[in-house]
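Q: The structure's right below; bear with me while I get my questions together.
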Amino acid sequence: MTVHELLAPRLADRTARWNRRVPVVGAVVVDAVVIVLVTLGAALGRMRLPFFAETGDVDNLLAIVFVPIVLGWVVSIALHGGYASHVLGAGPQEYKQVLRATLVAAGATGVVSFLAKFQFSRGFFFLLIILGIPALLVGRHLLRRTVHAMRRRGHLGHRVLLAGSVAQVEEIAAVLRRERWLGYEVVGALVPPAYVGTALTGDFPVLGSTARITAVVRDTDCDIVLFGGGGADSAQEMRRAAWELDGSDVQIMLVPSLTDVATDRVRVRPAAGLHLMELEGPRAHRASRASKRAFDIVGATFGLVVASPVLLLTALAVFWHDRGPVFFRQSRVGRHGDVFECLKFRSMVVDADRMVDAVATENKHGEDHVLFKAEHDTRITGPGRLIRRLSIDETPQFLNVLRGEMSLVGPRPPLPQEVERYSEDVRTRLAVRPGMTGLWQVSGRADLSWEDSVRLDLYYVDNWSIVQDLGILWRTVSAVVGGRGAY
């Protein structure tokens, strides 16, 4: 055995540990820098802002409390699990822990100041919290996006060994291949003995059965073993696999037979040594409640008022280009299959509908695809190309929202002929009002495949929440400014 072969497992273990620690170290550094800047900013604001009466001795106060504030804030986040590796990089739990830790730190500061009779500037304290919460959340978000970008480029990755039935292995591998930001590189699979030698659709080999797990882990230098359904024949076999990997730096993860389910819909209940997973039902009915409708009305009204100058200029540009109608009205299918007239600024020539066959060969998704999108559609006018790229053509849909035919956020409003080709599962998209924007819009728009657009819309319907709506609206700005998939 060569020196390289002897050192390879140790180097792999060190690399795996480093890749797991980088996000944690990054989170600590980002939080510390943000808290330092916020503390200095709060002190400066207390001294300079005109609505505070007197400056007082903020300079002396800052000299006393600066270090305790920074250290105490970071320690509070750590004690609340804000630096646990399993909460970093995905899901809302990371942000919840930071927010909870900040509120606890603020409460503790107030209590200690009261008990010690310490004269803590209320203006400084107010600015510290008001600036600190959004700054920390934005810092974590930027760090998350940086880590995701690095993983997409092949850095900070993890070598993953899949264990499970053939169907489960292929399904999990497809998800990991699609979500490259996770940084999980599948190096091989373990399947039940009867299926050893089966060819998989992925670009990784079957390396044996779970009985060889220790040898396979050593040979592949993987740092994560991911068990899906069928990965172990019994609880005893699963326990034995964990015993065999004890002492190594390999993580064991279990994947339930659930995909595209939001984490807040799943609850684990321990009972008699069993970990029972309770799955909350789909939330399509919640997306039809009065709270979402009120949110839509307020948002659409605000959008119309703010965008009114742009709407006026766009209407003039469309009209003066060819003296044709300003609006394009098209039948779309809404909630429960109801057909409505969807409004857009006209971005194509007047007789565009008659020219569909002429540009059909440009269909980006193929002839058998439900959607029709041509990347270089000759029917688009000069002004139309700009307003489509910026999604200004869709702003009249605020009126559809006010009329109750659409929502600010939801699945893409389909054409009647598209709905005729829907399978039974895809028809679930019609359980809620279609949206001006949605997961389909912010995840690539027309660059997405039909399967991915359906998956995202169904995920939205099943996992709706007002927080998710706010997040999609925020991401819509980035997608529109970047012009991804818009043509």
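Q: So how strong a dipole does the stretch 158-257 carry about its Cα centre when Lys and Arg Cβ are +1 and Asp and Glu Cβ are -1, to the nearest 20 debye?
A: The dipole of the stretch 158-257 has a size of about 100 debye.
Q: Note down the net charge around ARG140, summing +1 for each Lys or Arg and -1 for each Asp or Glu among other residues with Cβ under 14 Å from its Cβ.
A: +2
Q: I would also like to ask the following. What ranking do PHE124, PHE295 get, fewest neighbouring Cβ atoms within 10 angstrom at the top?
A: Sorted ascending by nearby Cβ count, the order is PHE295, PHE124.
Q: Assign unit charges at the C-beta atoms only (+1 for Lys and Arg, -1 for Asp and Glu), then state the dipole size of the stretch 386-463 relative to its Cα centre in Debye, rounded to the nearest 20.
A: For this selection, approximately 260 debye.
Q: Another one. Assuming 0.36 nm per residue, please report the length gained on full extension of the stretch VAL467 to PHE327 beyond their Cα-Cα distance.
A: 47.1 nm
Q: Something else: Net charge around ARG346, counting only other residues with Cβ within less than 10 Å of its Cβ (Lys, Arg = +1; Asp, Glu = -1)?
A: That sum, taken over residues with Cβ under 10 Å, equals 0.
Q: So for the pair ILE252, TRP450, with labels modelled 7 Å out along Cα→Cβ, what separation do we get in nm?
A: With each label placed 7 Å out from Cα toward Cβ, I get 4.3 nm.
Q: Here's a follow-up. Compute the FRET efficiency between LYS96 and ARG385 as 1/(1 + (r/R0)^6), taking r as their Cβ-Cβ distance and R0 = 56 Å, and round to the nearest 0.05.
A: Here the calculated transfer efficiency is 0.85.
Q: Still on this model: For LEU402 and HIS141 in one chain, what is 0.36 nm times their gap in residues minus the Cα-Cα distance, to one decimal in nm?
A: 90.7 nm
Computed from the coordinates by the stated procedures, all read-outs in this text should not be read as laboratory data. What you are looking at is a predicted structure, and each value in this text was computed from that prediction instead of being measured. Here the Cβ is made from the backbone with ideal geometry for all residues, glycine too, and neighbour counts use every protein chain on show.
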